[in-house]
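So the structure is just underneath, and the comments pick up after that.
Any read-out appearing in this document is the output of simple, stated calculations on the displayed coordinates, not a laboratory observation. Note that this is a predicted model, so its numbers are computed, not measured. Ideal geometry is used to build each Cβ from the backbone, glycine not excepted, and the neighbour counts take in all protein chains shown.
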Amino acid sequence: MQFVTQQDLDRINELFHKSKTPAGLTPAEKNEQAELRQKYIAAVRASLRSNLDNIDIKEDDGSVTNLGDRFNPRREY
């Protein structure tokens with residue numbers, strides 16, 4: 001799992017604001033922006049998955065279902 005640092009978030013915001021200026025972003029900056037966004041999205045998804053894996057729901061029949069298992073069964077290798 002990749003972690004997003006505060007420095008990464010600051011850079012994402014900096015590139016966003018620069019993209020709204022008349023000068024815009026250079027091709028290298030556009031690539032950097034895309035990479036940082038993908039890293040951020042991967043971190044958010046991993047965080048969400050971790051949260052879902054820790055939530056159990058008691059069903060009407062009394063059984064307990066883990067949301068992580070219910071919506072994305074773990075694969076055993």
Tabulated pairs, the range 1-27, first surrounded by fewer than 10 Cβ atoms within 10 Å (Cβ to Cβ), second not acidic (Asp, Glu), C-beta under 6 angstrom, 6+ apart or interchain | 1/46
Being aliphatic (A, V, I, L, M) and more than 23 Å from the chain's Cα centre (by Cα), is that true of even one residue in the range 11-25?
-> yes
When you look at residue 36, is it in contact with a Gly (Cβ under 9 Å, 6 or more places away or on another chain), aliphatic (A, V, I, L, M) and in a helix (DSSP H, G or I), yes or no?
-> no
Kindly indicate whether any position in the range 54-63 is part of a helix (DSSP H, G or I) and of a type in the set (D, E, K, R).
-> no
Pick from the range 36-62, criterion among the basic types (Lys, Arg) and under 14 Å from residue 3 (Cβ atoms), ranking: surrounded by the fewest Cβ atoms within 10 Å (Cβ to Cβ) = 45
So which residues in the range 29-70 are among the aliphatic types (A, V, I, L, M) and more than 27 Å from residue 18 (Cβ to Cβ), if there are any at all?
-> 46, 48, 52, 55, 57, 64, 67
Any idea which residue in the range 1-33 is nearest to residue 46 (Cα to Cα), counting only those that are touching a Phe, Trp or Tyr at 6+ places or on another chain (Cβ under 8 Å) and hydrophobic (A, V, I, L, M, F, W, C)?
-> 4
